[in-house]
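Some notes on the structure that comes next.
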Amino acid sequence: MPHAAVHDVATIADALRARGACRLPDFPDAAAARALREDLDRLQAAGALASAAVGHGASLGQRAEIRGDATLWLDDARTGRAAAAFLASLDGLRIELNRRLFLGADEVEAHYAAYPAGARYARHRDRFRDDDARVISFVSYLNPDWRDDDGGALRLSLDDGDIDVVPRTGSICFLSELEHEVLPATRERRSIAAWMRRRPR
Ligand SMILES: O=C(O)CCC(=O)C(=O)O
Ligand SMILES: [Fe+2]
C-alpha cells in the first residue's frame, strides 16, 4: 500500500468501536497528499468538478443552502494516478477494518470535494434512512495552510458531545450513522470524502 505508512489498524478499529470515530493525523502521508492536491488543482483548472447534489433516488437535487461543494469521483477517468493509489490504500484499510469489525463493507467510493468560501454542508448522516449501504465515512483534508480561524470545521456528533475537526491535513473516519456538518469557511476548503459501503444487493 503506497501511503499506508498507516496507522495501526487495530488502533483505528478500537477507536471506532469505542467512540465511533478516529483521527488519522498522518494519513495520507505528505508526498501522497501533495500528489492529491496537484491532481485536484489540475482537475479544478479543467472544470472537472460539478456541484454536488443532496438526497438520492427521486429526491435527488441541488440545494446550495444545504450543500455547497463541488465534487468529482476518484474513479472518474479524468483523475490521476494519485487518486487511484489513494483509492487502493483506502481499499486496503477497508479489508483490514472488515476483518476486525465485521462491517461487511464490500467496496470504497470516494470523491474530491471543493467548498468555495462561505459554502457549507448542513447537518446530515451519510447513511440514508432507506439505504444503509454506507458503513464508515472517511474524510481526508488537503489544506496544509489552513488556520484555526479560517473556519470550515467538520462538526461531528459523538455520544459524549460534538467535536470540531479542523480541516487542515490528515483524515478522520467515523461511523456513517453519526450526524455531522461542515461549517462555512472564509476560504476554499478542499478534501476527499470516502465511504466504505455494502454493495447494493
Ligand atoms: O468534508 C467534510 O469534513 C465532511 C463532508 C461530508 O460530510 C460529506 O461529504 O458527506
Ligand atoms: Fe457527510
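Residue-by-condition table, conditions (1) at pLDDT 95 or above; (2) of a type outside the set (Gly, Ala, Ser); (3) closer than 23 Å to Glu65 by Cα:
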| residue | (1), (2), (3) |
| --- | --- |
| Leu97 | yes, yes, no |
| Phe102 | no, yes, no |
| Glu107 | yes, yes, no |
| His111 | yes, yes, yes |
| Asp150 | yes, yes, yes |
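Taking the numbered list (1) away from ligand 2 (no atom under 16 Å from the Cβ); (2) loosely packed, with under 15 Cβ neighbours inside 10 Å; (3) charged (D, E, K, R); (4) modelled with pLDDT of 95 or more in turn, Asp91 passes all entries but (2).
Starting from residues that are in a strand (DSSP E or B) and surrounded by fewer than 16 Cβ atoms within 10 Å (Cβ to Cβ), keep the ones in the stretch 158-180 and report whichever is farthest from ligand 1 (Cβ to nearest atom). Taking the candidates together, the pick is Gly161. The residues of the stretch 131-157 that are without any contact (Cβ under 8 Å) to a residue 40 or more places away in the chain and either among the charged types (D, E, K, R) or assigned to a strand (DSSP E or B) (or both), listed by number, are Asp145, Arg147, Asp148, Asp149, Asp150, Gly151, Leu154, Arg155, Ser157.
Here Asp14 passes the criteria (1) over 17 Å from the mean Cα position of the chain (by Cα); (2) crowded, with 18+ Cβ neighbours inside 10 Å; (3) farther than 20 Å from Arg127 by Cα except the one numbered (2). Taken together, the residues in the stretch 27-61 that are among the small types (Gly, Ala, Ser) and closer than 23 Å to Pro144 by Cβ amount to 8. Candidates are the residues of the stretch 126-148 that are closer than 30 Å to Ala31 by Cβ and touching an Asp or Glu at 6+ places or on another chain (Cβ under 6 Å); the one that is surrounded by the fewest Cβ atoms within 10 Å (Cβ to Cβ) is Arg134. Residue pairs whose Cβ atoms lie under 9 Å apart, sitting 6 or more positions apart in sequence or on different chains, and linking a residue in the stretch 55-84 that is under 30 Å from Asp29 (Cα atoms) to a partner that is crowded, with 21+ Cβ neighbours inside 10 Å and of a type in the set (Asp, Glu), are Thr79/Asp39; Gly80/Asp39; Arg81/Asp39; Ala82/Asp39; Ala83/Asp39. Summed over the stretch 163-198, the residues that are at positive phi and in contact with a Gly (Cβ under 9 Å, 6 or more places away or on another chain) give a count of 0.
The values are calculated or read from the model by the stated rules, or taken from the named source; none is laboratory data. These numbers come from a predicted model, not from an experiment. Note: ideal-geometry Cβ built from the backbone for every residue, glycine included; neighbour counts use all protein chains shown.
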